[in-house]
Structure formats: C-alpha cells, structure tokens
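Report on the following structure.
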C-alpha cells in the first residue's frame with residue numbers, strides 16, 4: 001500500500017462532497033492559499049485521476065461562484081473547472097513577510 005493510499009480524507013472534504021453543487025467538482029482544496037486569482041492547496045478527490053489525494057496543486061485563474069455550508073465553490077475563468085475550497089489560509093499582509 002502506498003503512502004497516498006494511507007491518507008484519510010479530512011472531515012471537511014467529506015462534508016463538502018455531500019453538498020449538491022450542481023456541477024462536477026474537479027477537486028476539493030484544503031489549506032488553500034490565495035495567490036492573485038489562483039489558489040495553491042492540498043487537493044483531494046481529483047476528478048482527472050492524475051493527482052493523488054494529499055498532493056499540492058495550483059489552480060488556474062478562478063472566481064468565487066457561491067458559498068454553502070462554510071465552503072466556497074470557485075470556477076476557472078474558462079468555465080471548464082470547478083473546485084470547492086474546504087479551508088482557506090488567511091491572507092498575509094506585505095508587512096507580515
């Protein structure tokens with residue numbers, strides 16, 4: 001069994017995945033850090049099948065679509081990809097660096 005197979009899904013991912021978002025969710029993002037109009041995050045339940053649970057990804061440019069149950073659905077500018085932000089890291093001020 002690989003290390004990736006041993007990773008359990010975070011509770012928030014399980015809760016967010018039970019919500020009917022009305023679109024195919026391409027991945028659930030945990031500890032998402034905003035970088036301009038993109039996010040760097042740990043991803044779970046990647047629909048492409050190419051990224052394992054617990055890997056770090058950077059999304060394409062996205063915008064928020066809606067919030068439900070404390071989670072945020074974002075859509076890529078192209079409209080091809082949808083992600084749910086499960087947890088988001090607070091933005092840091094330039095003076096915090």
Pull up segment 1-26, narrow it to residues that are part of a helix (DSSP H, G or I) and surrounded by fewer than 10 Cβ atoms within 10 Å (Cβ to Cβ), then point me to the one that is modelled with the lowest pLDDT.
3
Condition check: in a loop (DSSP other than H, G, I, E, B) and under 15 Å from residue 10 (Cβ atoms). Does residue 78 satisfy that?
no
Quick one: in segment 39-97, which of the residues that are out of contact with any helix residue (DSSP H, G or I) (no Cβ under 9 Å at 6 or more places or on another chain) and at positive phi is surrounded by the fewest Cβ atoms within 10 Å (Cβ to Cβ)?
49
Based on this model, can you work out whether residue 42 counts as within 13 Å of the chain's Cα centre (by Cα), farther than 15 Å from residue 14 by Cα and either free of Cβ contacts under 8 Å to residues at least 60 places away in the same chain or part of a loop (DSSP other than H, G, I, E, B) (or both)?
no
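The values are calculated or read from the model by the stated rules, or taken from the named source; none is laboratory data. As the structure is a prediction and not an experimental result, all values here were calculated from the model. Cβ sites come from the backbone with ideal geometry, for glycine too, and all protein chains shown count toward neighbours.
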